[in-house]
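Trainee: Take this structure first; my questions come after.
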Amino acid sequence: MSGSELLFYGGIGVMAAAALLGVVAVVGFRISGRRLRARLEKEFGKRRH
Amino acid sequence: MSQIIASTYEILQEIGSGGGGVVYLGRHLRLGKWVVLKADKRTITAKPEVLRREVDALKNLSHTYIPQVYDFVTEGETVYTVMDYIEGESLDKALKRGERFPQAQVVEWACQLLEALCYLHSRPPHGILHSDIKPSNIMRTPQNDIRLIDFNIALALGEEGAVRVGFSRGYASPEHYGMDYAGMGATERDEDDVLTRVSEPEGPETVMPSVPVSSRGSTGSGKRTVLLDVRSDIYSLGATLYHLFTGRRPAQDAREVLPISDQEVSPAVAAIIRKAMDPDPNRRWQTAAEMLRAFEHLHDEDPRMKRHRRRCRVTAALLALVFLAGGFTAFVGLKQMERLQNAYALAEYSANALREGDVDGALSYALAAIPTEGSIFDPPQTAQAQRALTNALGVYDLTDGFKAHRLLALPSEPIKAALSPSGTRAAALTSGLVTVFDTDTGETLAELPAEQSALADVVFVDENTLLYAGEGAIRCYDLAEGAERWSGKAATTITLSGDRSLAAAVYKDENVAAVYDVKTGEALRAVSFQDKHQSVLPNDVFADPEDNLLALDASGNWLAASFSDGSLQVFDLRDSENVVELYEASDYTHFEGGFYGQYLAFSATSSEESVFAVIDLEAMAQTGGFLSQLPFHVQADETGVYVGTENILVRIHPVTGEQAEVAYTDADITAFARTADHTLTATADGAYCVFDSGARLLEKVEEGGPWDFVQAAGDFILVANRDTPSLRILRLEDHPEAQLASYDPGDLHDEARVSADGSTVMLFRYDGFRLYDTAGTLLAETALPDAEQVYDQQYRRDESGSYLEVFYNDGTIRRYSAIDGSLLSETAGEAPDGTLYEEFFTDAYRITSPLHGTPEVYDRESGELVCTLEPDAYLTYVTQVGDKIITEYISAQGQRYGLLLDENCETLADLPELCDVLADGTLVFDDMRGNLRQSRIYSMQELLALVDH
């Protein structure tokens, strides 16, 4: 594989990995955010605005 | 208990009492609606008008968390305020029971109370203070909402605030007690002067304005009024919430209020309460809305939420950055790949252009394939680009001969083409235009309008004088002056005498030839053909079949002409009556030929036969001739008579008929041209070949044909065909500066090797070898014994010197000195297996070389196949020079060549005729014509420097 191909496919790979990690992060942060909001609702009540 | 008030309300029962008055549950008699009637205590002190004004103000209030005041009625001495009945109980009762409330619930109540306070504080004109916020004035409904009740001491704010009228200890702000902590730190000032009254624990005290009272521990006289404002309600609300959160009633003195611990409430909530209860009103929440916002933003301002958001943002930013970086990298890679593909295509174009003889184009494409911008989008230099550049420059092509020099573009396909006597000028006739070029520089020297006929001729008198069939006249053009020298009558076919002093011209099918003095343009005479004319097609615009013979002898005494009726006549220009008729009317349709001294050599061809004859015009006798069914091609000039038929071209003696081979080709010869040292032939297989004076084939070019026009003069060759609008110019090149050694050109050999010290050259093949010094002196000649049993030969250079190792089928190995040719040793060894399989090693690779099969390159460390090399050639040697690898092959046609490879085994250069690689990396080329040439390996920088030069 030439350097250029390495750059191209490597870049695609990095993008795909970043996108995958992004999905994982979104799911993770959604779950943790939901838990946190539940915890805060328990402490402070429902969010008012 | 039932009592009718104002004939409208029925008091049913007392449901509470306090500082403000007694509260009854009642019912609207007509509406049947439950109401609360509150008997106001102030009736004893306040005028009914005052009370009515206050209640009127309260009647206008309408808020979810504030009970609606409906009416104000007087019954006897008692003033009743009628309002909504709120189901539920006040919070103080729950507190008394020790009930604790979840923080979330209290926060919800706090927000509802603050919304109510926002509403109150924003009532026109300056807002209304509740002034007595405390748990007992907060009703909890069955729906778990709250209502702020008991507006007994509610105050309409003035522009400066309001004077306090009462307070509840612990919940009332310091201002209620007349304490002013405004400014730096909370300080009790002039307590003696303020109006203060201690009330019952559960009821607000009613203050009698202007009545001096003593506060705790205070002495002295004098009084001072501290105005209340919205911040007093905020303090009271903070104190109420404090109680609700902690279960502890706040201390009366704001400075002595115990702080809320983190175990009791969340720090954020504690901070809100702490700020609401700050003794200094300036440091409290300044409005209920501000405090409400603080509660509403508890979620957003929570450190965990902030941390969560920060993590989200940082993660998103990082991933976006990584994604973008990946995208940019991929983009760079894509652009590089695009440019790489472009470079590959350009390298291919360069190779094609070189095959077509367009050296400038090849160089241009090769340079375009080399990245020079220094941009990150530029791919690394490709081996293909370097190969294209190397081949375009021809740095490793060190054989002497005609090399592609230029491709001259024409405005349209050529009809005629000519070279000047020394080859420095080329002219082509295209449709109605003669274009003249400098063959060396490719510069266009002239563009001259020509007769619109394919019969039109162009001939060079000398390097700067052109004679051509111009528009309406034969014209002589001076290229040096850039001007026409003279013109004559209309002409198409033009011929020059051997000494180039006279020109004869015929216009199409006219029956007269005009003879001109080339120098002056003077028409010397007109030769009448009587009733004959030359052969002309009905449409002569597009093609000239070149069937006519029109030739002057060397001195311009004789003019030979063929005619459309198949006759051939020779006119004596000195005596117009003397006409020699060689053929009368015949079936011959095609004539060729010319004069060699007194001899006219010609061929005449019909559909049945072709005849070649030589006529001695002085003796008026035929000296020789042939008859054949195949056509003869004849040229005769001052150098001799040349006849070609089929694939052989000979120089023939006009009298003896003795023949000397000039060229021998693979296919039938269709056209030929000659210089003093070389012969150029075009053949029916579309190739053109160059032969030296010894009839040895120097070059054969098979691409681009068939070649309709071949011209040779001086150091230049011109080839062109009727279908391509260009002239291919080749130039004779030699490389004396690269000469390493020479040998007898007749010495047949398979390989040539140079000794380690460079003193001798060994030429060897299976049956023997010859040793030469570099000057070409034969030092030794050895015939190998049992040559038929020779299995292989290897020329070696090592510490012991240079020698030829000869391997025999029986395992015998003989070594011969490369210095004097003597036998150094003869040893018996193991018989070879006969496969001729060999392996070569470089630092990184193991290269296999089977006799029948493609050489393969393996990684020495991993053993993996890296690539394959030339598929149709036998790999004979591999030499590593620095990071370059030089491979040598024998093609299936027996041709030796080499390839220069980079460290990835990609080809950087073709090495035609490579025969040896010396220890210092010098490449040695054997042209097989007696010359060994040498060259260093050029780097890309050196190649580019050559281009610049």
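The values are calculated or read from the model by the stated rules, or taken from the named source; none is laboratory data. In this text the structure is predicted, and so the values were computed from the model without any measurement. Here the Cβ is made from the backbone with ideal geometry for all residues, glycine too, and neighbour counts use every protein chain on show. For the accessible areas, the whole protein counts, side chains as well, though only heavy atoms, and no ligand, DNA or RNA atoms are used. Shrake-Rupley method; radii C 1.70, N 1.55, O 1.52, S 1.80 Å.
Trainee: In Å² (nearest 100), what accessible area is buried between B and A, both sides summed, heavy protein atoms only, 1.4 Å probe?
Mentor: Numbers: alone 43510 and 4780 Å², together 45450 Å².
By this definition, chains B and A bury close to 2800 Å².
Trainee: Ok, one more. Grab the eigenvalues of the alpha-carbon gyration tensor for the protein assembly as shown, scale each by 5, take roots, and send me the semi-axes largest first in whole angstrom.
Mentor: 123, 42, 22
Trainee: A further question follows. Where does region B:306-393 land on Rg(C-alpha)/(2.2 N^0.38 Å)? Write down the numbers at each step before the final one.
Mentor: Working: Rg = 20.9 Å, N = 88, 2.2 N^0.38 = 12.1 Å.
Computed over Cα atoms of region B:306-393, the ratio equals 1.73.
Trainee: Less than 17 Å apart at the alpha-carbon level, and either on another chain or at least 8 residues along: which lysines does that give for B:LYS532?
Mentor: B:LYS532 reaches B:LYS508.
Trainee: Calculated from DSSP H runs of 4 or more alone, at -39500 (n - 2.57) each and per residue, what is the 222 nm mean residue ellipticity of the protein assembly as shown, nearest 500?
Mentor: Values: 12 runs with 202 residues, N = 998.
After summing the helix terms and dividing by residue count, I get -7000 deg cm²/dmol.
Trainee: Suppose each label sits 7 Å from its Cα in the direction of the beta carbon; what would the A:LYS46-B:ASN578 distance come out to in nanometres?
Mentor: Once both label points are built, they end up 13.3 nm from each other.
Trainee: Let me ask you something else. Using only the alpha carbons of chain B, determine the length spanned along each of the three principal axes and report them from longest to shortest in whole angstroms.
Mentor: 175, 85, 52
Trainee: Here's something else I'd like to know. Over chain B, calculate the relative contact order: mean separation of alpha carbon pairs under 8 Å at least 6 apart, over the residue count, as a percent.
Mentor: Relative contact order comes out at 6 percent.
Trainee: Sticking with this structure for a sec: Name the residues whose placed amide hydrogens come within less than 5 Å of the amide hydrogen of B:ILE370, ignoring near sequence neighbours (fewer than 5 apart) on the same chain.
Mentor: Placed amide hydrogens put nothing under 5 Å from B:ILE370.
Trainee: For B:GLN105 and B:SER17, FRET efficiency with R0 = 30 Å and r from the beta-carbon atoms, rounded to 0.05?
Mentor: E between B:SER17 and B:GLN105, to the nearest 0.05, is 0.60.
Trainee: Moving to a separate point now. Once you put a point 7 Å from the Cα of A:ALA38 and another 7 Å from the Cα of B:THR827, both along the Cβ direction, what distance in nm separates them?
Mentor: In this crude spin-label approximation the distance works out to 8.7 nm.
Trainee: Stretch B:ALA621-B:ARG309 to full length: gain in nm at 0.36 nm per residue minus the Cα-Cα span?
Mentor: So the extension gain works out to 100.8 nm.
Trainee: In region B:310-339, what residues drop by 50 Å² or more of accessible area when the other protein chains are put back, versus the chain on its own? Use 1.4 Å, and skip ligands and nucleic acids.
Mentor: When all protein chains are present, B:LEU319, B:PHE323, B:ALA330, B:MET337 each give up 50 Å² or more of accessible surface.
Trainee: Structure shown: which of A:LYS46/B:LYS96; B:LYS33/B:LYS96; B:LYS134/B:LYS275 lie over 25 Å apart, alpha-carbon to alpha-carbon?
Mentor: Violating the 25 Å Cα-Cα cut-off are A:LYS46/B:LYS96; B:LYS33/B:LYS96.
Trainee: Can you figure out the FRET efficiency of B:TYR837 with B:GLU781, using R₀ = 45 Å and their beta-carbon distance, to the nearest 0.05?
Mentor: 0.90
Trainee: In region A:27-49, which residues give up 40 Å² or more of accessible area once the other protein chains are added, compared with their chain alone (1.4 Å probe)?
Mentor: Listed by number, the residues meeting the 40 Å² cut-off are A:PHE29, A:LEU36, A:LEU40, A:GLU43, A:PHE44, A:ARG47, A:ARG48, A:HIS49.
Trainee: Please calculate how many Å² of accessible area chain B carries per residue, with a 1.4 Å probe and no DNA, RNA or ligand atoms counted.
Mentor: Accessible area per residue: 44 Å².
Trainee: Hey, another quick one. Using a 7 Å offset from the Cα along the Cα-to-Cβ direction at both B:GLN452 and B:ASP948, what is the distance between the two label points in nm, to one decimal?
Mentor: Inter-label distance under the simple model: 5.3 nm.
Trainee: Determine, for each peptide in B:287-299, B:454-466, the mean count of other beta carbons within 10 angstrom over its residues, then list the peptides with the highest first.
Mentor: Packing order, densest peptide first, comes out as B:454-466, B:287-299.
Trainee: Using only Cα atoms, find the angle between the long axis of helix B:267-276 and the longest principal axis of chain B, and express it within 0 to 90 degrees, rounded to the nearest 10.
Mentor: 50
Trainee: If the cut-off is a Cα-Cα distance under 29 Å, which lysines reach B:LYS335, setting aside same-chain residues fewer than 8 apart in sequence?
Mentor: Cα-Cα hits under 29 Å: B:LYS884.
Trainee: Now, a different point. Leaving out ligands, DNA and RNA, what percent of the accessible area of the protein assembly as shown is carbon and sulfur, probe 1.4 Å?
Mentor: 50
Trainee: So what is Rg over Rh here for region B:759-899, counting just Cα atoms and using Kirkwood for Rh?
Mentor: 0.99
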